[in-house]
Amino acid sequence: MTTITWRYRGGVAARTVAAIGGGYVLTSIASALIAIALPLPRADAVTIATLLSFVVYTCVILWVFATTSALRAWIGVVAVSAVLGAALWIVGRMA
Amino acid sequence: MKEGLRQSMAWVHTWSGLLVCWLLLLVFMGGTAAYYKHEITFWMKPELHKAADAPSRVTPAESATLAVRELQQRAPTANAWFLDLPHERNPLIYASWTNPPSKGMTREERRAAFRTQNFTLDPMTGEKTAAPRDTRGGEFLYRLHFDLYYMSAIWGRWIVGVASMFMLVAIVSGVITHKRIFKDFFTFRPKKGQRSWLDAHNATAVLALPFHLMITYTGLVTLMFMYMPSATKALYGAEQNTMFSEVFPNAERVKPARELAPLADIGPMLQHAERAWGQAPTRVVVTNPNDANARVELHRPSGQQLSNIEPSMTFDGASGALLSDAKPLSATLDARAAIYGLHVAHFADTLLRALFFVCGLAGTAMVATGALLWGVKERQKYAKVIAKGGKAGFGVRLVDALNIGAIAGLPIAFAAYFWANRLLPVEMGERSNAEANVFFIAWGLAALLAQVRPTRAMWRFQLTVGAVLLAGIPVLNAITTDTHLGVTLFGGPGLRPVAAFDIVVMLLGLLLGWAAWWLGRKAKKAAARQPSNPASTTPLEAA
């Protein structure tokens with residue numbers, strides 16, 4: 001059996017949190033942005049955005065585990081969330 | 001994760017699948033059974049079988065009139081009446097109602113008022129049928145697959161939602177990691193240990209892959225506004241109810257006027273709908289009966305479209321005038337309803353429904369073989385230790401035990417539920433709860449025994465118990481009711497569900513029996529190969 005180092009375990013734990021928690025936050029922000037951006041009646045926009053959210057969440061989770069390091073995964077999730085979150089905030093201020 | 005994309009996806013696939021697989025087995029089995037929840041409920045109420053034997057000779061309009069007459073006597077001041085009229089999957093007239101809560105009621109009383117009360121009419125005579133025994137029937141299995149049990153529905157839904165998301169991730173990562181997806185579908189290498197389990201997992205997964213992906217995604221969609229509220233928050237703020245009334249526009253309810261007005265004759269309304277649709281409505285909802293604001297909603301039977309929102313017509317209950325056809329949905333909302341409809345499959349006719357059922361079984365097999373594969377693979381890492389007479393690690397033992405408790409134990413629980421339905425005294429109080437308790441007691445016992453001794457003998461024991469219980473159901477039915485296979489196979493079409501239920505559970509029992517027999521043969525072979533150390537062969541290792 002190959003021994004599993006603590007470094008490896010830490011990486012897995014960090015990625016898991018990034019995927020589940022970070023992914024949910026990123027997905028929530030993205031889905032809210034999509035809902036606002038869609039030039040459709042509210043009911044349609046909210047439906048499309050929510051339908052898409054599970055696809056977004058799945059992609060984020062898989063990317064977090066596919067990328068080369070846990071650090072990159074965290075930077076990616078936080079950076080994208082921050083950019084989208086800023087966009088959401090600006091849109092919210094304008095409305 | 002480690003080396004390349006494929007390896008990291010394999011890792012994600014393994015762990016996202018393994019962590020939730022036992023819960024998914026429950027969800028898959030319950031959901032698969034729920035495709036036939038009406039038939040299961042009917043089987044579990046043998047008191048109704050007799051009335052269903054003769055084909056209905058009354059028109060839908062006449063049967064609705066019969067039910068309304070009865071409801072006028074029993075619940076003239078109800079909140080709402082619900083009628084299910086005879087059609088292909090339902091031989092009888094079902095009527096139920098909810099009572100309005102009044103001021104000064106305790107919370108318990110309020111809840112009891114809202115709980116539906118019901119009766120069943122024989123469409124031949126218009127008379128009430130014998131009161132059926134108290135059982136939740138197929139509804140219990142249906143609710144179980146997303147509400148779980150012994151906890152509030154909200155908790156159950158979140159837990160099942162998280163497991164479904166794990167499943168979605170497992171499916172997509174499984175596809176990515178699988179480079180020969182098409183070729184592997186035609187590959188089966190039996191009797192080659194781990195490779196055979198891998199092939200079986202691939203075959204059951206790939207064979208019904210569109211179904212697995214669809215059912216997981218659409219399952220999440222059924223409760224999507226709860227799981228992913230951010231888009232709603234962004235567009236509606238705190239006004240979640242506004243969103244619901246816009247996305248589900250036909251769910252609007254009219255408040256009672258508190259002004260007495262006798263309900264108009266319902267027969268002409270049904271005839272009007274039948275002329276318009278070329279099909280008689282099968283579901284009638286009357287809100288605020290005998291009130292000036294009474295509404296009669298007629299729903300077209302399902303089967304013509306994917307969407308689960310069937311066209312409906314609303315009539316003014318006091319005047320009998322047609323108010324409106326249901327508002328047509330926008331393309332997006334219709335698409336959502338179709339995605340939802342795909343999950344619940346109300347549209348499916350006999351053949352398609354059977355195909356959904358088989359796909360559900362394939363999904364169960366996919367989860368089961370995947371769980372077994374983990375144990376087989378993991379054990380190989382301990383091959384040298386085991387050869388020296390040592391034991392595999394704690395994780396392997398735990399997974400083995402959970403596998404036995406779920407894969408072999410759950411069929412026992414399902415079978416026990418059906419046995420309890422026939423064996424518990426009919427007059428027993430809280431009977432439907434007792435049936436549900438039997439389900440969990442049986443499952444708990446199986447899971448506990450599996451933890452105590454997760455061996456191949458335990459596999460065989462539990463598979464055999466499940467096989468005997470399931471295959472014995474037609475016998476049980478013959479002993480406890482008059483509608484056994486000898487009657488139902490030659491009776492009217494109304495009894496077909498009873499016959500089909502008996503046959504399907506018997507086949508499933510035989511399948512489990514075959515698995516137990518096959519394991520026994522394996523054990524003998526393994527013992528013959530290494531007579532010196534029979535204890536070293538752990539379950540399914542050589543399978």
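Looking only at segment B:28-50, filter to residues that are crowded, with 23+ Cβ neighbours inside 10 Å and in contact with a Ser or Thr (Cβ under 7 Å, 6 or more places away or on another chain); which one of those is nearest to B:L423 (Cα to Cα)?
B:M44
If the Cβ limit is 8 Å and pairs must be 6+ apart or interchain, which residue in segment B:414-427 that is within 19 Å of B:L48 (Cβ to Cβ) and surrounded by fewer than 21 Cβ atoms within 10 Å (Cβ to Cβ) pairs with which residue that is among the aromatic types (F, W, Y) and at pLDDT 95 or above?
B:A420/B:F439
B:P328 fails exactly one of the following numbered conditions: (1) surrounded by 15 or more Cβ atoms within 10 Å (Cβ to Cβ); (2) assigned to a loop (DSSP other than H, G, I, E, B). What is the number of that condition?
Tallying (1) surrounded by 15 or more Cβ atoms within 10 Å (Cβ to Cβ); (2) assigned to a loop (DSSP other than H, G, I, E, B), B:P328 fails exactly one: (1).
Which of (1) buried (at least 22 other Cβ atoms within 10 Å of the Cβ); (2) over 23 Å from B:S230 (Cα atoms); (3) facing chain B (nearest Cβ under 7 Å) does A:R15 not meet, given it meets every other one?
(3)
Would you tally the residues in segment B:217-247 being under 21 Å from A:A37 (Cα atoms), surrounded by fewer than 20 Cβ atoms within 10 Å (Cβ to Cβ) and polar (S, T, N, Q)?
Here the count works out to 2.
Is there a residue being buried (at least 21 other Cβ atoms within 10 Å of the Cβ), among the aliphatic types (A, V, I, L, M), more than 7 Å from chain B (Cβ to nearest Cβ) and in contact (Cβ under 8 Å) with a residue 60 or more places away in the chain anywhere in segment A:63-71?
yes
Just checking: which of the helices (runs of 4 or more DSSP H) contained wholly in segment B:223-268 hold 1 or more residues that are under 28 Å from the mean Cα position of the chain (by Cα) and more than 8 Å from chain A (Cβ to nearest Cβ)?
B:224-227, B:240-247
So which pairs qualify, if the first residue must be in segment A:40-54 and more than 15 Å from B:L329 (Cα to Cα) and more than 7 Å from chain B (Cβ to nearest Cβ), the second must be of a type in the set (S, T, Y) and assigned to a helix (DSSP H, G or I), the Cβ gap must be under 7 Å, and the two must be at least 6 apart or on different chains?
Taking only residues 6 or more apart or on different chains, the pairs are A:L52/A:S31.
Examine segment A:67-76 for a residue that is closer than 30 Å to B:Y236 by Cβ, of a type outside the set (F, W, Y), assigned to a helix (DSSP H, G or I) and at pLDDT 95 or above, and state whether such a residue exists.
The answer is no; no qualifying residue exists.
Considering segment A:46-58 alone, what residues qualify as being under 13 Å from the mean Cα position of the chain (by Cα) and crowded, with 16+ Cβ neighbours inside 10 Å?
A:L52, A:S53, A:F54, A:V56, A:Y57, A:T58 - these are the residues of segment A:46-58 that are under 13 Å from the mean Cα position of the chain (by Cα) and crowded, with 16+ Cβ neighbours inside 10 Å.
Regarding B:L141, is this residue crowded, with 18+ Cβ neighbours inside 10 Å and either in contact with a helix residue (DSSP H, G or I) (Cβ under 9 Å, 6 or more places away or on another chain) or modelled with pLDDT of 95 or more (or both)?
Spelling it out, B:L141 is indeed crowded, with 18+ Cβ neighbours inside 10 Å and either in contact with a helix residue (DSSP H, G or I) (Cβ under 9 Å, 6 or more places away or on another chain) or modelled with pLDDT of 95 or more (or both).
Here is a list of conditions, (1) surrounded by fewer than 20 Cβ atoms within 10 Å (Cβ to Cβ); (2) within 26 Å of the chain's Cα centre (by Cα); (3) touching a residue at least 24 places away in the same chain (Cβ under 8 Å); (4) farther than 23 Å from B:G278 by Cα, and B:D349 meets all of them except one; can you say which number that is?
Evaluating B:D349 over (1) surrounded by fewer than 20 Cβ atoms within 10 Å (Cβ to Cβ); (2) within 26 Å of the chain's Cα centre (by Cα); (3) touching a residue at least 24 places away in the same chain (Cβ under 8 Å); (4) farther than 23 Å from B:G278 by Cα leaves (4) as the failure.
Return the residues of segment B:247-285 that are in contact with a Lys or Arg (Cβ under 7 Å, 6 or more places away or on another chain) and among the hydrophobic types (A, V, I, L, M, F, W, C); say none if nothing qualifies.
Matches in segment B:247-285: B:V254, B:W277.
For residues that are within 14 Å of chain B (Cβ to nearest Cβ) and over 12 Å from A:I36 (Cβ atoms), scanning just segment A:72-92, find the one that is surrounded by the fewest Cβ atoms within 10 Å (Cβ to Cβ).
So, considering only residues that are within 14 Å of chain B (Cβ to nearest Cβ) and over 12 Å from A:I36 (Cβ atoms), the one surrounded by the fewest Cβ atoms within 10 Å (Cβ to Cβ) is A:R72.
Looking for whichever is in contact with a Leu (Cβ under 7 Å, 6 or more places away or on another chain), under 29 Å from B:L220 (Cβ atoms) and not in a helix (DSSP H, G or I) here; the options are B:L298, B:L306. Which one fits?
B:L306
The values are calculated or read from the model by the stated rules, or taken from the named source; none is laboratory data. What you see is a predicted model, and the numbers here were worked out from it, not measured in a lab. We place every Cβ from the backbone using ideal geometry, glycine too, and count neighbours over all the protein chains shown.
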